[in-house]
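Q: Would you mind keeping the following structure in view while I ask a few things?
The values are calculated or read from the model by the stated rules, or taken from the named source; none is laboratory data. Quantities reported herein were computed from a predicted structural model and do not represent experimental measurements. As a convention, Cβ positions derive from the backbone with ideal geometry for all residues, glycine included, and neighbour counts pool all protein chains shown. SASA here: full protein model, heavy atoms, side chains in, ligands and nucleic acids out. Shrake-Rupley method; radii C 1.70, N 1.55, O 1.52, S 1.80 Å.
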Amino acid sequence: MSFVRSLKCIDCGKEYPPDDLISACTDCGQKGLGFGLLDAAYDYGKIGEQVNRNTLENRKPSVWKYKEFLPVSDESKIVSLDEGGTPLVKCQALADEIGIKNLRVKNETVNPTFSFKDRAFSVIISRASERGASAVAAVSDGNAGASASAYSARAGIACYIFTPEFAVQSKIIQMSMCGARVFSVKGSLIATGMLVIDACAKYGWSNITTAKLLNPYQTEGHKTLAYEICEQMNWQVPDWVIAPVSSGDSLGAIWKGFKEFHILGLIKSLPRMVGTQGEGAAPVVMAFEGNKQFHEIEEFEPATIADALCIGRVLGPWPLNAIKESNGHAVAVSDNEILEAQKSLAAKEGVFVEPSSATTIAGLKKLLGKRVITSNESVVCVTTGSGLKVLEAASKVYAKPVLIEPDMGELEKVLSR
Ligand SMILES: [Zn+2]
């Protein structure tokens, strides 16, 4: 059974029945613009009767061990590839290099389709399956589309993915191999989003784009990342959690996860949240630094090597609320800083992440330099996707192999250079 009590407007607080198929508050919302976003509110009293530290510790690591916190009623409809339960890796060598004592990486690259989006799509496709959907559609620049394709394939649901022209080839191949029909659309992600809204209305597809402004439940799966960090740190929380921000819905969802565990008394304190973006595609950072509301940042043409974060507008107040409520921060990093961080994390710790994930390490370095974060504080960086998904970026900086004959003399000559 589901413990969702209502869908609650994050601006005016008005509540709607949990099964209302609306995407924004009818009083203060404006469809597709990010006003009047709705959030799933749960009956935490009832959840508390079912769940405590002990019950959770005795369940197998998985997104679905937290089923009481998720919006799916019929467990027989759960579509899973064993997502979640990812390692929290202590990174001492990298910590020493950048001058911090306590650094961990939440390694989401080991999820079934190699990104954290599997947490969201296991929940989204389970809900779609519960409601009898026969076809789904999403806007995605890569990871979400790949994950949506895989879970739709598993559920036997037709899947249509709309990508921007800049989407990287490896992610498109992954979508296509998992049976999705993929469209490459000219223009901005926002314009593509409008096309998908119209197409869904015309063809009866379910819009499963992972944006809160389209469906309040889309990012609920991401909360489980916070729950796992709490458990893996033995019910403590780090001082800071740093995560990459595109639409920012995942940053907001991770923050929601910590708050929910805090409401239930499972943890005693809360972390401060940091959102990282690439310079040239940093609308959330611009709003944070300029102390502006999300809608005051005018849409612009984004450009960054972090392909999964290439966004030129803030899609709602969700990420900024998480940063403000947690007394957190937002920081933008350059392409060079991203590539350098990507290389450091792989070379020092053996964790090869995509550029968008490397923004967290680059951002941490910057915030240590500015003394926003201090060397004694504990930090968890969320690395959301595998480096193998975007080889185009790493191919700019890797050391190419030296071609030699199978001969010791030649090897010695090369080694002595
Ligand atoms: Zn409202």
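Q: Per the Kirkwood definition applied to all pairs of different Cα atoms, how many angstroms is the hydrodynamic radius of region 103-178?
A: Here the Kirkwood hydrodynamic radius works out to 12.6 Å.
Q: How many percent of DSSP beta bridges within the chain run antiparallel, rounded to 5?
A: 30 percent
Q: When the accessible area of region 208-351 is computed with all protein chains present and a 1.4 Å probe, what percentage of it is carbon and sulfur?
A: Taking all protein chains in place, region 208-351 shows 44 percent carbon and sulfur surface.
Q: Work out the length of the dipole vector of the chain about its Cα centre, built from +1 on the beta-carbon of each Lys and Arg and -1 on the beta-carbon of each Asp and Glu, and round it to the nearest 20 debye.
A: That gives a dipole near 460 debye.
Q: Kindly provide log₁₀ I(q)/I(0) values, in the same order as q = 0.11, 0.12, 0.13, 0.20 Å⁻¹, from the Debye equation applied to equal alpha-carbon scatterers of region 248-337.
A: For region 248-337, the Cα-only Debye profile gives -0.32, -0.38, -0.44, -0.89.
Q: Another one. Give, as ranges by residue number, the residues of region 195-209 whose backbone N falls under 15 Å from the point 7 Å along Cα→Cβ of residue 16.
A: 207
Q: List the relative contact order of the chain as a percent without decimals, with contacts defined as Cα pairs under 8 Å and 6+ residues apart.
A: For the chain, the relative contact order is 16 percent.
Q: Now a separate question. Give the long-range amide H neighbours of residue 5: residues separated by 5 or more places, or on another chain, with amide H under 5 Å away, using H modelled in the peptide plane at 1.01 Å from N.
A: 41, 42, 43
Q: How much length is gained on full extension from residue 184 to residue 325, taking 0.36 nm per residue of separation minus their Cα-Cα distance?
A: Between residue 184 and residue 325, full extension yields 47.0 nm more.
Q: On to the next question. Using a 1.4 Å probe, how large is the accessible area of residue 289, given in Å² and rounded to the nearest 10?
A: 120 Å²
Q: P(r) for region 304-417, please, calculated from all Cα pair distances in 5 Å bins and given in %.
A: 2, 10, 16, 18, 15, 13, 9, 5, 4, 3, 2, 2, 0
Q: Kirkwood Rh over alpha-carbon pairs of the chain, then Stokes-Einstein at 4 °C and 1.567 mPa s: what D in µm² s⁻¹, rounded to an integer?
A: Answer from the Stokes-Einstein relation: 60 µm²/s.
Q: When all protein chains stay in place, what accessible area (Å², nearest 10, 1.4 Å probe) is found for residue 67?
A: 70 Å²
Q: While we're looking at this one, here's another question. How large is the accessible surface per residue of region 250-403, computed with a 1.4 Å probe and reported in Å² as a whole number?
A: With the other protein chains kept in place, region 250-403 gives 40 Å² per residue.
Q: Moving on. Karplus couplings for region 373-387 from phi (6.51 cos²θ - 1.76 cosθ + 1.60, θ = phi - 60°), rounded to Hz, Gly and Pro as x?
A: Karplus-based 3J(HN,Hα) across region 373-387 equals 9, 10, 5, 8, 7, 8, 10, 10, 9, 8, 9, 8, x, 6, x Hz.
Q: Convert each backbone phi in region 194-201 into a coupling constant with the Karplus relation 6.51 cos²θ - 1.76 cosθ + 1.60 (shift: θ = phi - 60°), then list the ³J(HN,Hα) values in order as whole Hz, x for Gly and Pro.
A: Here the 3J(HN,Hα) series is 5, 4, 5, 4, 5, 5, 5, 5 Hz.
Q: Another question, then. Run the accessible area of region 33-173 with a 1.4 Å probe and give the carbon-and-sulfur part as a rounded percent.
A: Exposed carbon and sulfur together represent 48 percent of the surface.
Q: Debye sum, Cα scatterers, region 92-228, no solvent: what log₁₀ I/I(0) at q = 0.12, 0.18 1/Å?
A: Listed by q, the Debye log ratios stand at -0.49, -0.95.
Q: Continuing with this model, one more query. Enumerate the amide H contacts of residue 35 below 5 Å, restricted to partners 5 or more residues apart or on another chain; note that Pro and chain-start residues carry no placed amide H.
A: Those lying under 5 Å, H to H, from residue 35 are 30.
Q: Mind checking which of 415, 359, 61 is farthest towards the positive end of the chain's charge dipole, using Cβ charges of +1 (Lys, Arg) and -1 (Asp, Glu) about the Cα centre?
A: 61
Q: Hey, another quick one. Provide, as a two-decimal number, the C-alpha radius of gyration of region 158-266 over 2.2 N^0.38 Å, N being how many residues it has.
A: 1.32
Q: Now a separate question. Taking Cα centroids, how far is region 200-229 from region 70-84 in Å?
A: Computed from Cα coordinates, the inter-centre distance equals 14 Å.
Q: Still on this structure, please answer the following. Counting only C-alpha contacts under 8 Å and six or more residues apart, can you give the relative contact order of region 1-91 as a whole percent?
A: So the answer I get is 30 percent.
Q: Going through region 158-251, which GluC sites (Glu not before Pro) have at most 11 other Cβ atoms within 10 Å and a DSSP loop state?
A: Counting only loop positions with at most 11 other Cβ atoms within 10 Å, the GluC sites (Glu not before Pro) in region 158-251 are 165.
Q: Taking the Cα centre of each part, how many Å lie between region 134-150 and region 392-417?
A: Rounded to whole Å, the Cα centres lie 39 Å apart.
Q: Still on this model: Give me a comma-separated list of calculated 3J(HN,Hα) values for region 126-138, in order, Karplus coefficients 6.51, -1.76, 1.60 applied at θ = phi - 60°, integers in Hz, x for any Gly or Pro.
A: Listing the rounded values in order: 5, 5, 4, 5, 4, 8, x, 5, 9, 8, 10, 9, 8 Hz.
Q: Next question, about the same structure. Quick one: among 120, 155, 281, which has the greatest mean-square fluctuation in a GNM of the chain with alpha-carbon springs under 10 angstrom?
A: For the chain, modelled as a Gaussian network with Cα springs under 10 Å, the answer is 155.
Q: Just the projected area, averaged over all directions, of the convex hull on the alpha carbon atoms of region 41-91: how many nm²?
A: 5.0 nm²
Q: Explain nothing, just the number: relative contact order of region 159-259, from Cα pairs under 8 Å at least 6 residues apart, as a whole percent.
A: 21 percent
Q: With every protein chain left in place and a probe of 1.4 Å, what is the accessible surface of residue 286, to the nearest 10 Å²?
A: 90 Å²
Q: Moving to a separate point now. Whole number in Å², please: accessible area per residue of region 128-227, 1.4 Å probe, ligands, DNA and RNA not counted.
A: That works out to 37 Å² per residue.
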